[in-house]
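Worksheet for the structure shown next.
The values are calculated or read from the model by the stated rules, or taken from the named source; none is laboratory data. None of the values given here were measured: they were computed from a predicted structure. A quick note on method: Cβ atoms are made from the backbone with ideal geometry, for glycine too, and the neighbour counts reach across all protein chains shown. All accessible areas refer to the heavy atoms of the entire protein, side chains included, with ligands and DNA or RNA removed. Shrake-Rupley method; radii C 1.70, N 1.55, O 1.52, S 1.80 Å.
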Amino acid sequence: MAYDELVKIIKESDNIVFLGGAGVSTESNIPDFRSSDGLYAAENEYGYPPETLISRSFFDRNKEVFFDYYKKNLICLDAKPNPAHYALAELEKAGKLNACVTQNIDGLHQMAGSKNVYELHGSVHRNYCMKCHRFYSAEDIMAMEGVPHCRCGGVIKPDVVLYEEGLDDNVWNGAYNAIKNADVLIVGGTSLVVYPAAGLVSVYKGNKLVLINKSATQYDARATLVINDKIGVVLSEVMKKLKEGTEE
């Protein structure tokens, strides 16, 4: 059985890295971008596609509309970690998982207890004044009407990688090296179509690639193990089996 094989892989390694996408957070009721009911598919009131609304050039020229869309669609303060987040945090605490590399911006991995998290696309929970660099939380941003401004008068920008912006070099290098040196790479909740994040799979040099996703990916043929199911369902069941094995 696939779950038993994943349990065996985890038991035999203490150098696992997890690479996750939007599917990890959809189980916490955070919409993704590309599914049939995701943000790309939904009609919006602004007359622009989401790629435009959350691009750097749009932010620069139309901050009012940017923040209206951003606050309504990308900040989900009521969201809570799901079984996938908690399972990964447990594996890290147990010395099995070395790092979580995520494309998500919701901070749920940290909320669940994960410590070593590489947020490729930034986080809604970090916001900085573009003038004096003072820090503001997501709650601060939500409490401000219209375009959020610092007490110094500068505009506050989310520490989120917008379209047309490059990834943070330190975050990218950390994720790159973690995956390159991993014994096991578990990829979950991503169809592996968004670059450059999807390209990180090709950096992995090991021989235990595990793909957990509801649909097929371009890397399935290369994988050691493919499980087509929700990441939270899979990891919660695997954790249960790991605990049962410890108790025996």
Next on the checklist: I need every pair where a residue in the range 128-149 that is touching a residue at least 12 places away in the same chain (Cβ under 8 Å) and on the phi > 0 side of the Ramachandran plot has its Cβ under 9 Å from the Cβ of a residue that is open to solvent by 30 Å² or more (accessible area, probe 1.4 Å) and part of a helix (DSSP H, G or I), sequence separation at least 6 or different chains.
Outcome noted: Gly146/Lys63; Gly146/Glu64; Gly146/Asp68
Checklist entry - Within the set of pairs 6 or more residues apart or between chains, which connect a residue that is under 17 Å from Ile156 (Cβ atoms) inside the range 56-78 to a residue that is open to solvent by 60 Å² or more (accessible area, probe 1.4 Å) and not in a helix (DSSP H, G or I) with Cβ atoms less than 7 Å apart? => result Arg56/Tyr163; Arg56/Glu164
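When you scan the range 71-103, how many residues do you find that are outside any strand (DSSP E or B) and within 19 Å of Leu242 (Cα to Cα)? Before you say what the answer is, go through the steps one by one.
First, pick out the residues of the range 71-103 that are outside any strand (DSSP E or B): 71-96, 103.
Among the residues that remain, those that are also within 19 Å of Leu242 (Cα to Cα) are: 82-96.
Adding up the residues that qualify gives 15.
Are there any strands (runs of 3 or more DSSP E) wholly within the range 140-248 with 1 or more residues that are open to solvent by 20 Å² or more (accessible area, probe 1.4 Å), and if so which?
Per the criteria, 156-160, 225-227.
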Checklist entry - Among (1) acidic (Asp, Glu); (2) touching a helix residue (DSSP H, G or I) at 6+ places or on another chain (Cβ under 8 Å); (3) outside any loop (DSSP other than H, G, I, E, B), which single condition is Asp106 missing? => result (3)
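Restricted to the range 13-25, and to residues that are farther than 16 Å from Lys93 by Cα and assigned to a loop (DSSP other than H, G, I, E, B), which residue is least open to solvent (accessible area, probe 1.4 Å)?
Residues of the range 13-25 that are farther than 16 Å from Lys93 by Cα, as a first pass: 19-25.
Filter once more, so that each one left must be assigned to a loop (DSSP other than H, G, I, E, B): 21-22.
Details: Gly21: 1, Ala22: 38 Å².
Within the range 13-25, the match that is least open to solvent (accessible area, probe 1.4 Å) is Gly21.
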Checklist outcome for this item: Expected output for the range 188-217 (first residue closer than 22 Å to Asn173 by Cβ, partner among the small types (Gly, Ala, Ser) and outside any loop (DSSP other than H, G, I, E, B), Cβ below 8 Å, 6+ apart or cross-chain) is Thr190/Gly20; Thr190/Gly23; Thr190/Ala197; Thr190/Ala198; Leu192/Ala198; Leu200/Ala175
